[in-house]
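What follows is a set of notes on a single structure, which appears directly below.
Rule-based calculations on the coordinates, nothing more; no lab input. None of these values were measured; they are calculated from a predicted model. Heads up, the Cβs are rebuilt from the backbone with ideal geometry, glycines too, and the neighbour counts pull from every protein chain shown.
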């Protein structure tokens, strides 16, 4: 028996090798590389876990460990030459100047924020180590079925509909992977997964913005997210919502970098992260379709690059998304039952809330959330700032994320209005606040990215762009 963090460390190693393989010749800041490696590694661990369930007819730790070892070995051998070259050229470089007092102050504030956010997260997590009701009724129930049902694990898709049997399995599979290294009980791994993903979301906010905005602005954005108690509470509740928020933020960070640099490698990585969204929650399927579709339109409308390069960038984005969406495609087409929460094709709108009454219910629920506590006003502030600085939100690649958020909000409203088999007022009270928290990190990221830029966007100057201009 070791620790669930042993599993996370192996996933991190796998994710690092995947990043090194895809971004060959590219350079990422160390902090950004770290958090993207966590997201990529956990996603691939769930990917391998799902297909090992199918191939081994159940959960077999030895088979899953062997799959990780094989992937790490193969990618390690692929990268050994570049790694040797990097080690051979490595030189210890002393700083050109002594750190200034402001450098020390910034470093001290960054360390303090990390310590404070860690303390807050653990303070919320430890008294609630079993998670909230939906955490155990949905996500951890699936994890226990995967671990204990043997060859009958597919019965997880035949449980009572309150357990949402049609939901994707990324979070349960990540928890099952961590359980291999700490099989003492069923609650230690899920709470540690929640802590890890919550802290990584805060760290990724800072790392993703650094370089685009001033370092103090990036620190401020991370501090706002870290000190927002509702986000932390949701993160340690053992739901998949903050996991979805983490992958959405990771995907958006890489996608904006790809759109700015016009580099196929970053488009491929963005596609892989977008694909993981589909395996996290049903909402992730909508998010992935919107991000790929809107980005494709933006690429097609871009000027200054050849048609061939546009096609390659689009194919890298769509191909990466398709690859990591394979578990979702198999699950949704072969294993899982259809979603019974909303209207499906062939049904009448008569039994839904697709009317004025439904709109009023949604508005009342939204107003209640926005005025519930003083820290809920951040959503009102972000909305007001969007209205006041709207042109910045639609400038260049910012428009992709802005249009995505507007479209997703509209689709979310449509989903609520077409609710069946549930009381809409009850459903709104249980899920609307969580939907807003899923979008909080990426909304905060967009505000700082669009409105607080430290430098002007340079013209794309990559070998791919230069060599293929008409």
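Observations
- Counting every other Cβ atom within 10 Å of each residue's Cβ, 215, 262 order from fewest to most as 215, 262.
- A Stokes-Einstein calculation at 37 °C with viscosity 0.692 mPa s, built on the Kirkwood radius of the stretch 261-418 over Cα pairs, returns a diffusion coefficient of 180 µm²/s.
- Spin-label model distance (nm) - residue 414 vs residue 333, 7 Å beyond Cα toward Cβ: 2.3
- Only DSSP H runs of four or more residues enter the estimate; each adds -39500 (n - 2.57), and after division by the residues of the chain the mean residue ellipticity at 222 nm equals -22500 deg cm²/dmol.
- Hydrodynamic radius by Kirkwood, which averages 1/r over all alpha carbon pairs of the stretch 198-340, in angstrom: 16.3
- The separation of the stretch 139-168 from the stretch 371-446, counted between C-alpha centres, amounts to 31 Å.
- Cα gyration tensor, the stretch 27-77 - rounded (a/c under 1.5), prolate or oblate: prolate
- Extension reserve of the residue 55-residue 104 stretch, reckoned as 0.36 nm per residue once the Cα distance is removed: 12.3 nm
- Restricting the calculation to Cα atoms, every distinct pair contributes to the Kirkwood radius of the stretch 98-200, found to be 15.8 Å.
- In plain terms, the residue of 393, 247 with the fewest other Cβ atoms within 10 Å comes first and the most crowded comes last, giving 393, 247.
- Rounded Å value of the spacing that divides the Cα centres of the stretch 1-63 and the stretch 187-252: 19
- Matching label, Kirkwood radius over Cα pairs in Å computed from the structure shown, candidates (1) 27.5; (2) 29.7; (3) 23.3: (3)
- Taking other Cβ atoms within 10 Å as a rough exposure proxy, 266, 157 sort from fewest to most as 157, 266.
- Computed FRET value (nearest 0.05) for residue 185 with residue 303, which takes r as the C-beta separation and R₀ as 60 Å: 0.55
- The base-10 log of I(q)/I(0) for the stretch 174-230, evaluated at q = 0.24 Å⁻¹, reads -0.84 [Debye formula, identical scatterers on Cα atoms, solvent excluded].
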